[in-house]
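Reviewing the structure listed below.
The values are calculated or read from the model by the stated rules, or taken from the named source; none is laboratory data. From a predicted model like this one, the values you see are computed outputs, not experimental measurements. Virtual Cβ from ideal backbone geometry, glycine too; neighbours counted across all protein chains shown.
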């Protein structure tokens with residue numbers, strides 16, 4: 001029987017804009033092609049938490065969406081910090097990236113507390129960073145996506161960025177040329193697009209870490225048909241990445 005990997009989609013009802021659900025579809029498809037059995041769970045505020053979780057994916061949302069889920073997120077904070085500490089891989093996009101930090105101070109309204117999985121904090125500003133984005137990651141090479149945020153995120157001392165951008169007025173805060181953050185197996189980023197279809201190396205990182213967490217080893221076993229399909233998908237991803245890298249911002 002195929003080894004099961006339990007994947008949790010976090011707050012898909014309120015935190016899912018700019019195609020972030022494509023990240024879940026990509027992970028589900030690649031897990032299947034590698035010979036695993038993906039088991040998908042959806043968690044919205046007030047839902048029961050699944051019995052087992054090997055990977056967590058979260059998307060972006062507007063300030064209103066963040067306010068809707070913040071109370072429930074804080075109730076789950078200790079659990080999420082514990083899972084992150086144990087090595088469960090997580091990908092948090094935009095709004096949930098902000099709330100996985102120390103806090104988010106919107107332009108208007110009360111400060112929203114974060115759950116302190118990532119060493120960052122975010123301040124709302126009138127300047128909106130928006131457009132196609134290419135960043136250079138030490139771990140993943142060239143990463144492409146699309147950012148659209150007015151919250152400016154600042155890394156705390158010792159926090160490693162996901163990557164670096166070539167110029168100001170893009171990335172985490174438009175000033176220090178960083179983008180995203182990575183701690184242990186948790187990735188936060190402003191990259192929409194969705195991110196994983198065009199950056200399968202990050203998807204495979206999450207998959208490998210999920211398998212290591214669940215089984216202590218990562219041993220993909222795609223069929224010949226699966227190998228051919230993965231090769232086709234990777235070629236499409238590379239083409240999409242090349243096109244995106246040459247689009248004007």
message = Taking the criterion of being closer than 16 Å to residue 38 by Cβ and modelled with pLDDT of 95 or more, would at least one residue in segment 233-246 satisfy it?
response = yes
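Report those strands (runs of 3 or more DSSP E) wholly inside segment 52-120 carrying at least 3 residues which are at negative phi, modelled with pLDDT of 95 or more and buried (at least 20 other Cβ atoms within 10 Å of the Cβ).
So the answer is 55-58, 90-93.
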message = Condition first: within 22 Å of residue 56 (Cα to Cα) and touching a residue at least 60 places away in the same chain (Cβ under 8 Å). Can you find one or more residues in segment 218-238 that meet it?
response = yes
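How many residues, within segment 1-33, are more than 19 Å from residue 194 (Cα to Cα) and in contact with a helix residue (DSSP H, G or I) (Cβ under 7 Å, 6 or more places away or on another chain)? So that I can check it myself, show each step before the final result.
Just the residues of segment 1-33 that are more than 19 Å from residue 194 (Cα to Cα), to begin with: 1-6, 32-33.
From what's left, in contact with a helix residue (DSSP H, G or I) (Cβ under 7 Å, 6 or more places away or on another chain): 3, 5, 33.
So the answer is 3.
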query = Does segment 125-143 include one or more residues that are in contact with a helix residue (DSSP H, G or I) (Cβ under 9 Å, 6 or more places away or on another chain) and more than 24 Å from residue 24 (Cβ to Cβ)?
reply = no
task = Among the candidates 209, 198, single out the residue that is in contact (Cβ under 8 Å) with a residue 40 or more places away in the chain, more than 30 Å from residue 67 (Cβ to Cβ) and crowded, with 21+ Cβ neighbours inside 10 Å.
result = 198
remark   = Of the residues in segment 31-49, those that are surrounded by 14 or more Cβ atoms within 10 Å (Cβ to Cβ) and part of a loop (DSSP other than H, G, I, E, B) come to 34, 35, 36, 44, 45
note = By residue number, the members of segment 157-181 that are surrounded by fewer than 21 Cβ atoms within 10 Å (Cβ to Cβ), assigned to a strand (DSSP E or B) and in contact (Cβ under 8 Å) with a residue 24 or more places away in the chain are 164
request  = Report yes if residue 217 is at pLDDT 95 or above and crowded, with 20+ Cβ neighbours inside 10 Å, otherwise no.
outcome  = no
